[in-house]
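To start, the structure itself, in structure tokens.
Only the coordinates and a few stated rules stand behind these numbers; no lab work does. The shown structure was predicted, so the numbers you read here are calculated from the model rather than taken from an experiment. Using ideal geometry, Cβ is built from the backbone for each residue, glycine included, and neighbour counts are taken over all protein chains shown.
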Amino acid sequence: MERILIVTVDLESEKSEWPIEDLSTEMEELVSACGGQIVDAVVCPRDRATPDLFIGKGKAEELCMLCEETGIDTVVFSHDLSGTQQRNLEAVIKKKTIDRTQLILDIFARHAASPEGKTQVELAQLQYLLPRLVGKGIELSRLGGGIGTRGPGEQKLEIDRRRIRKRIEKLKDELKHLSLHRQTIRKQRKDNFLPSVVLVGYTNAGKSTLLNSLTDAGQFVKDSLFTTLDPLSKSLKLSNGEKIVLSDTVGFLHKLPHHLIEAFKATLEEVTEADLLIHVLDVSHPRVFEYHEAVLQVLRELNADKKPLITVLNKIDLLEDKTWLEKVKEDFSNQIYEASSENRDEEPKKAIVVGISAKLKENLDELLARMQDILSDRMMCLDLILPHGRMDLVNILYEGGKVLEIDYAQEGVKIRVNMPKVTALKLLKNKDIIMVG
């Protein structure tokens with residue numbers, strides 16, 4: 001187990017709504033998710049970052065002495081470092097030095113299980129590595145024999161860069177194919193008139209636990225950051241008979257590096273194509289308001305911030321003071337969401353907030369009812385008569401909606417059913433179905 005020193009840099013030039021203590025705590029959580037042993041954590045106040053070391057030389061030398069005294073293996077910085085800054089720091093501190101993005105990428109690499117997840121992580125790693133490659137002096141590639149091969153040859157640095165660029169292009173092509181595959185799946189859902197409901201939220205908010213509680217998905221859960229990288233979709237039937245597809249997504253993070261968002265674009269397309277977003281928040285966490293804003297910021301970057309949304313305050317079972325839940329619910333309920341770009345005629349609506357415990361399956365009925373309310377404009381109630389010989393149509397009605405009444409009369413099978421409008425309109429084109437009233 002690597003012995004880790006965390007360096008949280010408090011820059012005066014950066015305006016952050018997060019207290020420096022909270023930033024330091026999150027760095028500790030990230031290191032723990034990597035399996036590192038935190039030996040010490042220091043805060044380094046600075047007016048601004050320096051181009052050579054990011055911090056001052058005196059502070060870097062101080063960190064070198066601290067590492068020697070405490071047996072540190074790796075120094076982790078809270079900010080992204082340029083290749084030059086990273087090399088200079090390692091030269092002064094004499095220990096391996098990494099930044100926040102490298103730390104996050106390491107967590108992703110540990111947790112990626114599917115081929116898609118591994119591809120996305122490798123792409124993000126190579127995009128991070130490419131501008132940080134360093135040449136090794138005048139080391140040259142081996143020269144081949146024959147005409148036209150004489151000369152100094154390519155420097156190893158350029159060969160490495162060329163190989164990485166080729167690999168990046170190959171990974172991007174693979175992700176394009178994966179994206180097309182996902183688009184095909186989404187098209188099939190739309191052809192079957194299945195609305196898409198997507199769980200979003202800060203990492204470790206309980207999205208996977210909620211998916212398991214609602215659908216028995218069996219998704220792996222753990223009290224750690226970025227446990228779930230590979231999205232999972234499951235069907236769910238609401239009490240009014242409507243079928244939906246419920247999807248989990250990768251957790252968001254405060255100041256999530258932009259190229260990570262780009263690498264996971266194929267996965268995050270589930271968010272941009274959703275009919276309804278469920279924003280899961282850990283209400284027991286002291287930074288619940290900051291987490292809420294961090295998620296909204298990522299949704300803005302994805303152009304998904306105007307979608308219908310339910311704010312779910314999870315882990316209410318961990319609250320000792322239940323009045324805190326009411327305060328948070330009131331604060332979030334008072335927020336106003338503008339109409340979406342597709343429905344500019346809509347009036348702005350107040351936020352919908354529900355408190356639950358996904359782990360204990362507490363208050364999930366209210367959440368499902370809220371989901372049903374938002375999607376209810378897709379449903380219609382029909383009185384139909386079907387021929388006795390078309391029991392296949394009866395099965396379709398049971399599968400695609402909620403049968404409220406059924407009577408096997410002499411003139412045919414009389415059915416009252418509640419079902420999605422688009423499915424009903426498609427079925428009514430069948431000449432064997434008679435609509436009553």
(request) Using a Förster distance of 35 angstrom, determine the FRET efficiency expected from the C-beta separation of residue 133 and residue 65, and round it to 0.05. (result) 0.70
(request) Give, in nm to one decimal, the length gained when the segment between residue 362 and residue 3 is fully stretched (0.36 nm per residue of separation minus the Cα-Cα distance). (result) 125.2 nm
(message) 7 Å from Cα along Cα→Cβ at both residue 10 and residue 216: what's the point-to-point distance in nm?
(response) 5.2 nm
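I need the calculated FRET efficiency for the pair residue 177 and residue 80, taking r as the beta carbon distance and R₀ as 30 Å, to the nearest 0.05. Don't skip to the answer; put the middle values down first.
Working: r = 30 Å, r/R0 = 1.01.
Working from the Cβ atoms, E equals 0.50.
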(message) Show me the ranking of peptides 195-203, 387-395 by mean Cβ neighbours inside 10 Å, starting with the highest.
(response) 195-203, 387-395
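Take peptides 58-65, 209-216 and line them up by average Cβ neighbours within 10 Å, highest first, as a rough protection proxy. Before the final figure, lay out each step's value.
Values: 58-65: 16.1, 209-216: 20.4.
Top to bottom by mean Cβ count within 10 Å: 209-216, 58-65.
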(message) Going Cα to Cα from residue 329, which aspartates and glutamates come in below 17 Å? Please leave out same-chain ones fewer than 8 positions away.
(response) 282, 290, 293, 317, 320, 321, 362, 366
(message) Quick check: pseudo-label points 7 Å beyond the Cα along Cα→Cβ at residue 38 and residue 398, how many nm apart are they?
(response) 5.6 nm
(message) Checking the cross-link filter: which aspartates and glutamates have an alpha carbon closer than 12 Å to that of residue 243, excluding same-chain neighbours under 8 positions apart?
(response) 399
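Based on Cβ point charges of +1 for Lys and Arg and -1 for Asp and Glu, what charge dipole magnitude is obtained for region 1-111 about its Cα centre, in debye rounded to the nearest 20?
Numbers: 12 positive and 22 negative charges, 90 e Å.
The calculation lands at about 440 debye.
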(message) If I take R0 = 22 Å and measure r between the Cβ atoms of residue 377 and residue 333 in this structure, what FRET efficiency does the formula 1/(1 + (r/R0)^6) give, to the nearest 0.05?
(response) 0.50
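Multiply the residue gap between residue 303 and residue 90 by 0.36 nm, knock off their C-alpha separation, and tell me the result in nm, one decimal place. Provide the component values of the computation, followed by the final result.
Working: separation 213, 0.36 × 213 = 76.68 nm, distance 3.94 nm.
Length gained between residue 303 and residue 90: 72.7 nm.
What does the net charge come to around residue 358 if you take all other residues with beta carbon closer than 9 Å to its beta carbon, with K and R at +1 and D and E at -1? Show your work: numbers first, answer last.
On the way: positive: 207, 315, 359, 361; negative: 362.
Net charge in that neighbourhood comes out at +3.
Which of the residue pairs 172/307; 59/207; 359/426; 15/327; 402/429 have a Cα-Cα distance greater than 30 Å in the structure shown?
Correct reply: 59/207; 359/426.
Only Lys, Arg, Asp and Glu count, each charged at its Cβ (+1, +1, -1, -1), so figure out the dipole size of region 379-435 about its Cα centre, rounded to 20 debye.
260 debye
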